[in-house]
Ligand SMILES: Nc1ncnc2c1ncn2[C@@H]1O[C@H](COP(=O)(O)OP(=O)(O)OP(=O)(O)O)[C@@H](O)[C@H]1O
Ligand SMILES: [Mg+2]
């Protein structure tokens, strides 16, 4: 199987500090990864590399077989092959665009300009993705008026629009209520099990948000890899406790995960 993502000894240094510290990590085709780690661990920085918007200070990063910074690698050809949904994206979207427009503009690799001459076939695709994410009744709503959960679902539909080979999700369930979270986990689970769906990497803060169908976990702490591998072996109480620096117990119930701190005393 070929590598969707391959990081070799990657560091990102800013102001003399390594935000990502000597990370080697590979995502193979068909794998769906979850990234866990405390605030400031470097999760979003890693996704920024994986989306080709940030180049490593040292080490090499290859995305979909193209090495960043190498002559011949054109990030503008690479970017449409990668779908990204995260908080930073939400801020870039013009609030006055409708939900349908926000998704449609992705087909043309831009965040703002709105032409009247979108292809009918693109509009149908946009509607279909929005429908899969339960957004059909919001097509004409202004993006700026959406709730957090509706906004998240719109951005995931948008990220799917270019038919990416790699889908990157940065805390897709943050800010959702319990129902919204469960709904999103169910939809992501469906996507994760779809053989035609892209490879996925999702950053989350809560093991409860890991949808069935995700296969691997990367745990990072202070920019360093603490654990990386299949969920069943690596998502252990020991690793999670080391990652977050306090005693935690992680349990699998059915096909979902929970974690809690050990009671004191
Ligand atoms: N351009 C930058 N210059 C200096 N420091 C930065 C820069 N970008 C990020 N950082 C720092 O790098 C560290 C990692 O940031 P990052 O956003 O990757 O963390 P994260 O794991 O996504 O955290 P969170 O869970 O809070 O989203 C943080 O301490 C952050 O303050
Ligand atoms: Mg982050």
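Bear in mind that the values in this text are calculations on the coordinates, not laboratory data. Everything numeric here is computed off the predicted structure, so don't read it as measured data. Counting neighbours? That spans all protein chains shown, and the Cβs are built from the backbone with ideal geometry, glycine included.
Taking a ≥ b ≥ c as the square roots of the eigenvalues of the Cα gyration tensor of the chain, is the shape rounded (a/c under 1.5), prolate (a/b larger than b/c) or oblate? In terms of gyration-tensor shape, oblate. Summary value for the chain: 23 percent relative contact order, contacts being C-alpha pairs under 8 angstrom separated by 6+ residues.
Taking 7 Å steps out from each Cα toward its Cβ at residue 250 and residue 174 produces label points 2.0 nm apart.
Extension gain, residue 123 to residue 15, is 34.4 nm, computed as 0.36 nm per intervening residue step minus the present C-alpha separation. Within the chain, antiparallel bridges make up roughly 60 percent of the DSSP beta bridges whose residues both belong there. Compared with the dominant Cα axis of the chain, that is its longest principal axis, helix 148-160 is turned about 80°. For residue 55 and residue 8, the difference between the fully extended length at 0.36 nm per residue and the C-alpha to C-alpha distance is 15.7 nm.
Is the shape of the stretch 1-93 best called rounded, prolate or oblate, per the rule: a/c under 1.5 gives rounded, else a/b larger than b/c gives prolate, else oblate, with a ≥ b ≥ c the square roots of the Cα gyration tensor eigenvalues? Taking the square roots of the gyration eigenvalues as a ≥ b ≥ c, the stretch 1-93 is rounded.
I need the calculated FRET efficiency for the pair residue 87 and residue 67, taking r as the beta carbon distance and R₀ as 35 Å, to the nearest 0.05. The computed FRET efficiency comes out at 0.80. A simple spin-label model places the labels of residue 224 and residue 258 3.3 nm from each other, with each point 7 Å out along Cα-to-Cβ. Helix 120-132 and the longest principal axis of the C-alpha atoms of the chain enclose an angle of approximately 40°. For the stretch 170-213, the relative contact order works out to 54 percent when only alpha carbon pairs closer than 8 Å and six or more residues apart are counted.
Exposure proxy shown here: for 55, 244, the number of other Cβ atoms within 10 Å sets the order, fewest to most, as 55, 244. Our helix-only sum for the chain, with -39,500 (n - 2.57) per DSSP H run of n ≥ 4 divided by its residues, gives a mean residue ellipticity at 222 nm of -8000 deg cm²/dmol. Using C-alpha pairs under 8 Å with a sequence gap of at least 6, the mean separation divided by the residue count of the stretch 47-97 gives a relative contact order of 28 percent. Between residue 233 and residue 95, the FRET efficiency from the beta-carbon distance, with R0 = 41 Å, is close to 0.40. Protection proxy ranking of 131-140, 4-13, by the mean of other Cβ atoms within 10 Å over each peptide's residues and highest first, is 4-13, 131-140.
Using alpha carbons only, how many degrees (0 to 90, rounded to 10) separate the axis of helix 178-193 from the longest principal axis of the chain? Roughly 90 degrees, rounded to the nearest 10. Between residue 182 and residue 163, full extension at 0.36 nm per residue minus the direct alpha carbon distance yields a gain of 4.4 nm.
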